[in-house]
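Before any comments, here is the structure.
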Amino acid sequence: MTAGVETASAQGERFLAAQAATETWEVQPDTQERVLAAELVEAPGSPWLRVQFGRVQLPTSDGVQAYLRMTSLLDGGEQRLTAAQLEEWTHLSAYFNGPEVLVELVVPAGAEGKAQLTIDGAVTQSPAGPDKSICGDIDDRSVLEHPAIARVMPIKCTAWLIDTCNKCLVTAGHCTNGSAGVVQFNVPPSLADGTPVFPPPEHQYAVDGDETLSTGLGDPGTEFGLMQVYANPNTGLMPYDVQNSAFALSDQLPQSGTSVAVAGYGTDETLQIDPGVNNFVLRTHSGEIVRADEQLIEYRTDTTGGNSGSPVIDDATGKVVAIHTHGGCSLTEGNRGTSTNRLSFRDAIGDLTGPCVCPGLAINPISQPGDVLLPRHPGVVAIEVVNPGSGQVEVDAQNVALHWSVDSGSTGTVYMDDLGGGAWVGKLPPIECGEVIRYWVTAEADGASVRWPRDEQSQLWAVAGWRVFEFASFDFEQDPAWTVTAPSSAKGEWGIGVPSNEPQWLTPPADADGSGNCWLTGVGTGNNDVDGGPVRLITRWFAPAEGEAIVLSYARYFANDDRDDVLEIEVQESLSPWQMIESVSTDPLWRTVRAPVRSSRGKQHPFRVRFSVADDPNNSITEAAIDAFVIQSVSCDVACAADINGDGVVDFDDFLEWLNLVGTPFSRGDLNGDGVTDFLDFQIMLAQYLRECRISGIDRSAVTSQGGSVGGS
């Protein structure tokens, strides 16, 4: 289908209409997923396009939904939209590089009903002319990478994530007026002629038109805009979940002479002497503030058209002092922006009905036990129950509860004590050395309920022990000779290498620990993702000494463009069946996971860990990576209990440490766990005098204070 009848559209876009009738099908259920229809949308000579849909009806049955799949023939960028997501994107696709996009109507197994598809045509656009506001004769901006700053299309503006509870986006007021807005992160360089190039659909987000706010249009010092976006249809994630960065606002009014930087996606003012690869690409320049008050900030930093909405950043603090809205730099005046100290802006980001507020309850942790507890010592959990929109809330004391379960089989619930001001505290029961306790918190108020951790499958945990030792550690700069298995028909086997940083293939940008190498599904560049499978990576057998509890730590990355595949991490003791540690759907970030593998109170067997990935059926881009693999041993040796200062031997120095703890409830000197440090504990120390605290591996630290969660950190 070649789109060819051209008409004007918003923000200087060209709409190329297609001459295609609505196609209709009666879909019967099938046992396999199938492509019901395929159409190639072409805009000859165009550097990029968006597909515009007319009437679309997608069959569904028992929760199984048909979807539209769009694929760029230039770089393989792919987007998938269900019926609900198509409405969020206002019947337009993401931005695709190249003049050809294949559109497919995909029907999963079991779906049935009426299907309709109309493709109205394609939208494409030529770059707008420059709007010069350079402070001098030379454009001094330099290319910048910043995860919190985005490009807004089609209007060509800049937006940035602000550190509110739901990480909304701030921009200029006139940048929220465009229809069918798309926010793009991780933008690549433009073509040599200045034509914008677009990031993969995984980094594009449709603006929620019901969650935008703009004010003061055209009025310097009053104009600003706020907006929220829908979750990405490919990953299911919001921008902050992927970018993991947001700006804080400055609470101080800057003074004249303060050095500030403006960072945004402006036009390239040097197209005649420099290839236009920097056109509408993130760049920055620093200059001084000319004048400032609570409404308007003026600054002599280079900007151009496309910088509207850019953050004006205090170079000394990294905090935002203004929102860039107006150009016009001259010998006597600067470019201008609305102060982030403006009262109406501060009110807007806290408005209960605005884009930047999270309604409902939330639990914020105040303090919690480390992932290693002293044996027979209670663990203290403190949390805060709040409503992010209105601050602290009054909660019925019977409805804030701390739940726990111990691997020996006991479970329980205690109601937490109200400390006032929204804060609550509760105690975990004492457990024996080597036992593992898992816990979570729930709260209710005004008919709403909340859980921490939020994921129903995630629990916090702690293991009881006297000392933590590192038993094994791998950064994969050397091959550990682990086992790799895969069916002969599979692609993307595990291997050690440096990540290729190819967003179109969903590869990680780098390894997790900075050493360079990590395990990857498919080493090298290009299309090396997992096809078929499962492809498996299996560690060697590890055999810690008798009496050791084990804590496993690893960094993992997993990306899957259609969310139908998983990364499974399992552990096996001796010849017992494999036990699941976690099953990960798409999560394209490096995350460090700590998990207790086994308890020293059970039988002692060698163990190994397995990482498995499959793309079956072979219908998606699937990439996984593993790095920073560490095994820690937790000692229950009484000598390690008596070695209070952790120097490896029970001696006179430990007695001096112990004397300072006498009378203190549940201190490090309470060796028998009866709640007080007294003569009974002294007798235990005396029996261990001059004994060494030794365990297989290398002593890393005393009891750690880091929190642990099977859900990641």
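Checked against the criterion of being open to solvent by less than 60 Å² (accessible area, probe 1.4 Å), part of a strand (DSSP E or B), closer than 21 Å to residue 135 by Cα and in contact with a Lys or Arg (Cβ under 9 Å, 6 or more places away or on another chain), the candidates 287, 328, 306, 337 yield just one match: 287. Among residues of the stretch 355-377 that are open to solvent by 30 Å² or more (accessible area, probe 1.4 Å), those with a beta-carbon under 6 Å from a residue that is at pLDDT 75 or above and acidic (Asp, Glu) at least six positions away or on a different chain give the pairs 364/384; 366/384. Strands (runs of 3 or more DSSP E) fully within the stretch 66-128 that include at least 1 residues being in contact (Cβ under 8 Å) with a residue 40 or more places away in the chain and either among the charged types (D, E, K, R) or within 14 Å of residue 47 (Cα to Cα) (or both): 78-81, 100-107, 113-125. None of 312, 321 is buried (at least 24 other Cβ atoms within 10 Å of the Cβ), outside any loop (DSSP other than H, G, I, E, B), among the hydrophobic types (A, V, I, L, M, F, W, C) and touching a Pro at 6+ places or on another chain (Cβ under 7 Å) except 321. Of all the residues in the stretch 630-640, those that are surrounded by 24 or more Cβ atoms within 10 Å (Cβ to Cβ) and at pLDDT 85 or above number 1. Within the stretch 177-189, the only residue that satisfies the criterion of being open to solvent by less than 20 Å² (accessible area, probe 1.4 Å) and either modelled with pLDDT under 90 or part of a helix (DSSP H, G or I) (or both) is 181. Here the condition is being modelled with pLDDT of 90 or more and over 30 Å from residue 503 (Cβ atoms); of 297, 323, 313, it holds for 297 alone.
Residues checked against (1) at pLDDT 90 or above; (2) part of a strand (DSSP E or B); (3) open to solvent by 70 Å² or more (accessible area, probe 1.4 Å):
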residue	(1), (2), (3)
394	no, no, yes
401	yes, yes, no
405	yes, yes, no
409	no, no, no
414	yes, yes, no
424	yes, yes, no
433	no, no, no
440	yes, yes, no
450	no, yes, no
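Restricting the search to the stretch 130-176, which residues are among the polar types (S, T, N, Q), buried (at least 22 other Cβ atoms within 10 Å of the Cβ) and modelled with pLDDT of 85 or more? Answer for the stretch 130-176, where residues must be among the polar types (S, T, N, Q), buried (at least 22 other Cβ atoms within 10 Å of the Cβ) and modelled with pLDDT of 85 or more: 158, 171.
Once the stretch 215-249 is narrowed to residues that are among the polar types (S, T, N, Q) and surrounded by 20 or more Cβ atoms within 10 Å (Cβ to Cβ), the residue that is farthest from residue 622 (Cα to Cα) is 228. For beta carbons closer than 9 Å, sequence separation of 6+ or different chains, a first residue in the stretch 210-226 that is over 20 Å from residue 327 (Cβ atoms) and a second that is at pLDDT 90 or above and of a type in the set (Val, Ile, Thr), the qualifying pairs are 211/229; 226/162; 226/170; 226/171. Restricted to the stretch 195-209, and to residues there that are under 22 Å from residue 91 (Cβ atoms) and aliphatic (A, V, I, L, M), the residue that is surrounded by the fewest Cβ atoms within 10 Å (Cβ to Cβ) is 206. So, residue 212, is that one closer than 23 Å to residue 79 by Cα, hydroxyl-bearing (Ser, Thr, Tyr), surrounded by fewer than 24 Cβ atoms within 10 Å (Cβ to Cβ) and in contact with a strand residue (DSSP E or B) (Cβ under 8 Å, 6 or more places away or on another chain) or not? Against the criterion (closer than 23 Å to residue 79 by Cα, hydroxyl-bearing (Ser, Thr, Tyr), surrounded by fewer than 24 Cβ atoms within 10 Å (Cβ to Cβ) and in contact with a strand residue (DSSP E or B) (Cβ under 8 Å, 6 or more places away or on another chain)), residue 212 does not qualify.
Scanning the stretch 518-556 for residues that are charged (D, E, K, R) and either open to solvent by less than 10 Å² (accessible area, probe 1.4 Å) or within 26 Å of the chain's Cα centre (by Cα) (or both) returns 529, 531, 536, 548, 556.
Just give me the residues in the stretch 557-569 being part of a loop (DSSP other than H, G, I, E, B) and either within 15 Å of residue 535 (Cα to Cα) or open to solvent by less than 10 Å² (accessible area, probe 1.4 Å) (or both), in sequence order. Correct list: 561, 565, 566.
For residue 578, the conditions (1) at pLDDT 90 or above; (2) of a type in the set (A, V, I, L, M, F, W, C); (3) buried (at least 17 other Cβ atoms within 10 Å of the Cβ); (4) more than 30 Å from residue 81 (Cβ to Cβ) are fulfilled apart from (3).
When 677, 664 are checked against the criterion of being over 29 Å from residue 593 (Cβ atoms), among the hydroxyl-bearing types (Ser, Thr, Tyr) and open to solvent by less than 10 Å² (accessible area, probe 1.4 Å), 677 stands alone in meeting it. Do you know which residues across the stretch 213-255 are within 17 Å of residue 350 (Cα to Cα) and assigned to a strand (DSSP E or B)? Of everything in the stretch 213-255, those that are within 17 Å of residue 350 (Cα to Cα) and assigned to a strand (DSSP E or B) turn out to be 213, 214, 215, 224, 225, 226, 227, 228, 247, 249. Looking only at residues in the stretch 641-668 that are assigned to a loop (DSSP other than H, G, I, E, B) and closer than 13 Å to residue 686 by Cβ, the one that is modelled with the highest pLDDT is 651.
The values are calculated or read from the model by the stated rules, or taken from the named source; none is laboratory data. This is a predicted model, so every value here is computed, not measured. All Cβ positions, even for glycine, are placed from backbone atoms using ideal geometry, and neighbour counts span all protein chains on display. Note: accessible area is taken over every heavy atom of the protein model, side chains too, but ligands, DNA and RNA are not part of it. Shrake-Rupley method; radii C 1.70, N 1.55, O 1.52, S 1.80 Å.
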